[in-house]
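Visitor: Structure incoming, see below.
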Amino acid sequence: MTTRPHFSLEGAGEPTAAGRFVDVDAIQPVAFVEGLDFRPVLGEQTMVNFVSFQPNTEAPRHVHVEEQIVIVLEGEFEFDIDGEVRMMRKGDVAVVPPWVPHGARTREVPCLEVDVFNPPRSTLLEHARAQREVPADPGDADSAANPV
């Protein structure tokens, strides 16, 4: 066990950006496959992607340089990591290292899951950055306080 406290305000670093709150529902989804919507949230060095699968939807097997951690929030889907296939349900987690083939598909039940990417997933960067730059409606105090 470490002797350094987990919760501390001591440190030598300076913040690299301001913190912010995100309204995920306000993010315009992007779909590379029909029935599969992505809502990426971009941090300084990490991306979280909220993914909703409609029933009978497939994310084809693929690879990428980014490490990916998958967390199921609702529903279920079959997840394939390099040929090992498991049904994942609420609370299940999978870790996909860079360049490992993987894919997913739903059957009759939809699925909401979160992908954590480090570094941020390159194919979602442009969309995530564009969502952050959407000007807030000056008449809506919540939108000014909740940029993506």
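Coordinate-derived values only; no laboratory data. Model, not experiment: these values are computed from the prediction. Positions of Cβ are generated from backbone atoms using ideal geometry, with glycine treated the same way; all protein chains shown enter the neighbour counts.
Visitor: I'd like to compare 84-90, 62-68: which one has the highest average count of other Cβ atoms within 10 Å, and what's the full order after that?
Guide: Ranked from most to least packed, the peptides come out as 62-68, 84-90.
Visitor: Scan around Gly43 for amide H atoms under 5 Å from its own, H built in the peptide plane at 1.01 Å from N, and keep only partners 5 or more places away or cross-chain.
Guide: Close amide H contacts, sequence-distant or interchain: Val48.
Visitor: Related question: Under 25 °C and 0.890 mPa s, how fast does the stretch 1-72 diffuse according to Stokes-Einstein, given a Kirkwood radius computed over C-alpha pairs? Answer in µm²/s, whole number.
Guide: 155
Visitor: Short version: ³J(HN,Hα) in whole Hz for each residue of the stretch 14-25, in order, from phi by Karplus 6.51 cos²θ - 1.76 cosθ + 1.60 (θ = phi - 60°), x for Gly and Pro, what are they?
Guide: Computed from phi, the couplings for the stretch 14-25 are 10, x, 8, 6, 7, x, 7, 9, 10, 9, 4, 5 Hz.
Visitor: Here's another thing I want to ask about it. Using 0.36 nm times the number of residues separating Arg61 and Gln28, minus their current alpha carbon distance, what extension gain do you get?
Guide: Between Arg61 and Gln28, full extension yields an extra 9.4 nm.
Visitor: Sticking with this one: Relative to the longest principal axis of the chain, what angle (0 to 90°, nearest 10) does the C-alpha long axis of helix 122-132 take?
Guide: 40
Visitor: Expressed as a rounded percentage, what relative contact order does the chain have, with Cα pairs under 8 Å and six or more residues apart?
Guide: Relative contact order here is 28 percent.
Visitor: Between Arg121 and residues 5 or more places away or on another chain, which pairs have amide H atoms under 5 Å apart, with H built 1.01 Å from N, and which residues are they?
Guide: Met47
Visitor: While we're looking at this one, here's another question. Pick out, from Thr57, Ala94, Ala128, the residue whose Cα sits farthest towards the positive end of the charge dipole of the chain, with +1 on the Cβ of Lys and Arg and -1 on the Cβ of Asp and Glu.
Guide: Selected residue: Ala94.
Visitor: Take Phe21 and Arg89, extend 7 Å from each Cα along the Cα→Cβ direction, and tell me the distance between the two endpoints in nm.
Guide: A separation of 3.4 nm, rounded to one decimal place.
Visitor: When the Kirkwood radius is taken over all Cα pairs of the chain, what Stokes-Einstein diffusion coefficient follows at 25 °C and 0.890 mPa s, in µm²/s?
Guide: Answer from the Stokes-Einstein relation: 145 µm²/s.
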